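Report on one structure; see the data block that follows.
The values are calculated or read from the model by the stated rules, or taken from the named source; none is laboratory data. If you're wondering where the values come from, they're calculated on a predicted model, not measured in any experiment. So basically every Cβ, Gly included, is an ideal-geometry build from the backbone, and we count neighbours across all protein chains shown. Side chains are part of the model used for accessible areas, which takes the heavy atoms of the whole protein and leaves out ligands, DNA and RNA. Shrake-Rupley method; radii C 1.70, N 1.55, O 1.52, S 1.80 Å.
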Amino acid sequence: MILILEPNVDRSSESYAHLIKYLDSSDRVEYSMHDVQGAGQVLTEIYLIGNTAALSIHQMKSLPCVRRVVRVQDSYRILGRHGEDDLQTGFTYNGVEFSQDTLHVFAGLCAVDTPQHVEIMMSALRDLGQECTRMGAYKPRTNPYSFQGHGAECLPWVFDLAGKYGIKVIAMEVTHESHVEEINRALEQTGNPTGVMLQIGTRNTQNFELLKSVGRQKVHPVLFKRGFGITLDESLNAAEYLASEGNPNVIFALRGMKNQGGDPHRNMVDFTHVPVVKRLTRMPVCVDPSHSVGSRDHSPDSIMDVFHATAQGVIAGANMVLVDFHPAPAGALVDGPQALRMNELEWFLQDVAVSRDAYLKRRALAQKAHTS
Ligand code: PEP
Ligand code: MN
């Protein structure tokens, strides 16, 4: 059960003390608090666990400071919507708001290679008004002899460059809990010039111990990739591990499914699940067209499949696009064949804006149809 409190609830008030006293006195129910930073207000939610079936919604709603009570199903207790359309979604991190209403493009290097390439990427992003990027330092590779990423060694200069170019959030995959410690150390050492969104890759979707450790840290949000060979329900349950350990600031990424039905694409593009994930959960939804499509092929209309796939995700309401770029794709150490080039960045952003505009128009049409 979730108790949603009045906005900006005063935690020093008598009525709040009353509520807490009541919860403390209930020996069969445990609770944890979570603040959701929305636009201009903080919404506090209290998650109740234990024998909540014995509690009546009516009774809980009559408690002081409680605005709303949601009875949750067993699956995705914290991240789920439980049939409620108007629950608060998202979070603000390092000054950037992420929700089911916003859209951010994270264009960047699949794998960090040289300071020159990172600088070219970040300065291009700054020039086009972008404040987010992707930079891989730890790369999980199929072949143990392939380049595994520069790891901790590159973090200080990547973070310094991010600060120099006004990048506020870097999506960066971690494959072990020690990587989170290394990231925190490097951020501290460089004076926190940027923020990091910790990425869980598709190969680790059900690495529950990794999920638990990343979920226990509440500083950085998490970009969680769906598993490429499991059901959506299994991936959503895995994402809940992060929230159940304390970190509900999770973005769910669709990145295609390993399935011969997707040939000749690297994976079967699964962006029709954008609205499904938004309906079932409160997570903002990301699409990763680069790893879904896996090439720079284009159709006779001169539009690359990566652009088409992005458009399909964005026009369906995606909240984030994770996309590989590289200043010299032929020499990229990872995933060069699918990388877009620097002179395609402006075009890509304009193409995304066209799809976003179409999505907003579609949403307005639907709202009009519902209210008439
Ligand atoms: C990546 O984003 O670089 C990546 C490895 O993605 P995935 O885990 O989806 O394969
Ligand atoms: Mn990649």
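A few points about this structure:
- Maximal additional length on extending the Asp101-Asn51 stretch stands at 14.6 nm, based on 0.36 nm per residue less the C-alpha distance.
- Amide hydrogen neighbours beyond the local backbone of His298, cut-off 5 Å, H modeled: Asp305
- Estimated D of the stretch 1-158 in µm² per second, where Rh is the Kirkwood radius over Cα pairs and Stokes-Einstein applies at 25 °C, 0.890 mPa s: 126
- Listed residues Ser355, His370, Met197: farthest to the positive end of the dipole of the chain (Cβ charges): His370
- Folded to 0 to 90 degrees: helix 232-244 orientation relative to the chain principal axis, Cα: 60
- Between the stretch 314-372 and the stretch 69-103, the Cα center-to-center distance that results, in Å: 23
- Three-way shape call for the stretch 2-88 based on the alpha-carbon gyration tensor, with the a/c threshold at 1.5: oblate
- Per-residue 3J(HN,Hα) values for the stretch 314-329, derived from phi via the Karplus relation 6.51 cos²θ - 1.76 cosθ + 1.60 with θ = phi - 60°, read 6, 5, 8, x, 4, 10, 7, 10, 9, 9, 7, 10, 7, x, 9, x Hz in sequence order (x marks Gly and Pro).
- FRET efficiency, Gln41 to Gln260 (Cβ-Cβ, R0 51 Å, nearest 0.05): 0.55
- When Phe106, Phe228 are compared by accessible surface with a 1.4 Å probe, the order from highest to lowest is Phe228, Phe106.
- Interchain or long-range residues, amide H under 5 Å from Met197's placed H: Ile170, Ala171, Met172
- Global geometry of the stretch 103-371, whether rounded, prolate or oblate, following the gyration tensor of its Cα atoms and the 1.5 cut on a/c: rounded
- Alpha-carbon geometry of the stretch 277-327: the Rg and the Dmax are 12.2, 38 Å, given in that order.
- Working note: Karplus 6.51/-1.76/1.60 with θ = phi - 60° gives the stretch 89-96 the couplings 10, x, 6, 10, 9, 6, x, 10 Hz, where Gly and Pro are set to x.
- Principal-axis tilt of helix 14-25 within the chain, Cα atoms, nearest 10 degrees: 90
- Dipole magnitude of the stretch 2-88 about its Cα centre (Cβ charges: Lys, Arg +1; Asp, Glu -1), debye to nearest 20: 160
- Radius 12 Å from Cβ of Leu155, net charge of other residues (Lys, Arg +1; Asp, Glu -1): -4
- Taking every C-alpha pair closer than 8 Å and separated by at least 6 residues, the mean separation divided by the residue count of the stretch 2-88 gives a relative contact order of 37 percent.
- Amide H contacts of Gly149 (H built 1.01 Å from N, in plane; Pro and chain starts excluded): Lys139 sit under 5 Å, all sequence-distant by 5 or more or on other chains.
- GNM on the chain, alpha-carbon springs under 10 angstrom: the most fluctuating residue among Ala53, Ala124, Ala239 is Ala53.
- Rounded, prolate or oblate (a/c below 1.5 giving rounded, otherwise prolate when a/b exceeds b/c) for the stretch 204-261 by Cα gyration tensor: prolate
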